[in-house]
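The values are calculated or read from the model by the stated rules, or taken from the named source; none is laboratory data. Predicted, not measured: the structure shown is a model, and the values here were computed from it. Cβ sites come from the backbone with ideal geometry, for glycine too, and all protein chains shown count toward neighbours. Heads up: the accessible areas ignore ligands, DNA and RNA and are worked out on the full protein's heavy atoms, side chains in. Shrake-Rupley method; radii C 1.70, N 1.55, O 1.52, S 1.80 Å.
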Amino acid sequence: MDLSFSKEDEAFRQEVRQFIAENYTDDIRAKSARSKHGYLDKESHVTWQKRLAKKGWLAPNWPTEYGGPGFTHSQKYIFDVEMGRAGVPHTIPFGPTMVAPVIMKFGTPEQKKKFLPDILETNVLWCQGYSEPGAGSDLASLQTKAEDKGDHYLVNGSKIWTSVAQWADWIFCLVRTSNEGKRQEGISFLLIDMKTPGVQVEPLVLLDGTPGPHQEVNQVFFTDVKVPKENLVGEENKGWTCAKYLLEFERGNPYSAGLTKAIQKVKKIAKDQKVGDHTLADEPEFRAKVADLETQITAMEFTELRIFSALSTGGNVGPESSMLKCRGTELQQAVSELAVEALGSYVQPFVEDGMIDTNEPNVGPDYAMTVAPYYFSLRKASIYAGSNEVQRNIMAKAVLGL
Ligand SMILES: Cc1cc2nc3c(=O)[nH]c(=O)nc-3n(C[C@H](O)[C@H](O)[C@H](O)COP(=O)(O)OP(=O)(O)OC[C@H]3O[C@@H](n4cnc5c(N)ncnc54)[C@H](O)[C@@H]3O)c2cc1C
């Protein structure tokens, strides 16, 4: 197998690096560094995404007919690696990565014209209305109902754990349009303007005190919300097909570049930690743990290369996305745990965002404050986008045929 890149690919790598150097500016870096989870505010997210959009790189997976950059597989790989290594902000996925492919595949020409350009330009932000208080893993039991009222649906119910709903202009929702037959056959895929009367967003308070400046998850209530029929994607009662298609994009993302950056940080922490006359990085037991994770990250990288190179541009990963999601999030958690171990007694579990930005000297190195909050925050990774237990069920059935 030839793993070297062509001259054109190396030139592209330089272009990506130059873009990052010019556009991932100090103001955005500083905001992220001051947040205990590395989060950005809405304005900084939008600024960063608009810079990507201006370059034509906001949606690297979109087909060129909808404004995608038409990257080759190696360009796509290089793009992901360089962005991951630089630790740039993530693109809010609900528009470009999730609902856009569904609109491209199942939407009407009018829906494509209305929604896709604004997603590509980050003129509108989206959120995801799948989970409900009584429907998470068992998503087909969802109850938010959309009654047919002639030219519109009347929506009543609520969605929960809705990430960034407080910023979103639109929400894509799974709604119940029928109680006849199989549960999956009474679900429809509806696009709802968050400004419609009757839509209410309430923040969920998490164990670490969020919301504060970085509100993350919400409950969204719908009370007699009128949604025009033209906002139905695909056929009525066939929304389950759209829902499953979308989940492949939600789960089928590359993780290895971010993991490589994260393990490098662990190595840096270990080098700074004195153990007698040497450092933690010299301890054989610790080195073995790092080597073990690095080997697993390399295996992840090659799995990603194998899966993504088998796709044509604009294609989807299929049920193997569950494998990427499971391994990627397990490794994220394992690396963050090793970072906590490396930092030892300097770990600070309860950190407020404001504490990072004071004039008081830190206890321990500067980076110490974010290591534990990030570790705790990552516990969610094996739950969101469908829990890892459920992903294993999908792999057993759809990939291994058990
Ligand atoms: C931070 C965060 C952000 C989120 N953002 C969004 C969002 O933006 N939009 C959205 O719609 N949802 C969102 N979710 C919801 C997420 O999709 C659900 O939490 C997830 O699907 C699990 O559902 P549940 O929480 O109802 O847990 P449950 O389904 O009640 O599961 C509880 C436990 O039982 C296990 N379990 C359940 N069924 C099985 C089974 N068949 N086999 C084996 N084990 C099983 C699960 O693995 C889990 O450990 C988010 C969740 C989190 C944590």
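Looking at the structure I just gave you, is GLN166 over 27 Å from GLU43 (Cα atoms) and open to solvent by 40 Å² or more (accessible area, probe 1.4 Å)?
no
Collect the residues in segment 244-297 that are among the hydroxyl-bearing types (Ser, Thr, Tyr) and open to solvent by 20 Å² or more (accessible area, probe 1.4 Å), keeping them in residue-number order.
Once the filter is applied, which keeps residues that are among the hydroxyl-bearing types (Ser, Thr, Tyr) and open to solvent by 20 Å² or more (accessible area, probe 1.4 Å), segment 244-297 yields TYR245, TYR255, THR260, THR279, THR295.
When restricted to residues that are near the ligand (Cβ under 6 Å from one of its atoms), among the polar types (S, T, N, Q) and part of a helix (DSSP H, G or I), segment 364-393 contains 1.
For TYR24, the stated conditions do not hold, so it cannot be described as touching a residue at least 24 places away in the same chain (Cβ under 8 Å) and open to solvent by 20 Å² or more (accessible area, probe 1.4 Å). Number of residues in segment 137-157 that are assigned to a loop (DSSP other than H, G, I, E, B) and away from the ligand (no atom under 16 Å from the Cβ) equals 3. Could you tell me whether LYS195 is among the basic types (Lys, Arg), part of a loop (DSSP other than H, G, I, E, B) and more than 22 Å from the chain's Cα centre (by Cα)? Yes: the conditions hold for LYS195.
Which of the residues spanning segment 215-235 are buried (at least 17 other Cβ atoms within 10 Å of the Cβ) and either in contact with a His (Cβ under 7 Å, 6 or more places away or on another chain) or within 22 Å of LEU116 (Cβ to Cβ) (or both)? Those that are buried (at least 17 other Cβ atoms within 10 Å of the Cβ) and either in contact with a His (Cβ under 7 Å, 6 or more places away or on another chain) or within 22 Å of LEU116 (Cβ to Cβ) (or both): VAL227, ASN231, LEU232, VAL233, GLY234.
All of PRO197, PRO211 fail the test of being open to solvent by 30 Å² or more (accessible area, probe 1.4 Å) and within 15 Å of the ligand (Cβ to nearest atom), apart from PRO211. Counting only residues that are surrounded by 20 or more Cβ atoms within 10 Å (Cβ to Cβ) and over 18 Å from VAL16 (Cα atoms), segment 41-61 holds 1 of them.
The set of residues from segment 1-21 being at pLDDT below 90 and surrounded by 14 or more Cβ atoms within 10 Å (Cβ to Cβ) comprises just one member, PHE5.
Collect the residues in segment 93-121 that are of a type in the set (Val, Ile, Thr) and open to solvent by 10 Å² or more (accessible area, probe 1.4 Å), keeping them in residue-number order. Give the derivation first.
Filtering segment 93-121 for residues of a type in the set (Val, Ile, Thr) gives 97, 99, 102-103, 108, 119.
Across segment 93-121, the qualifying residues are THR97, THR108.
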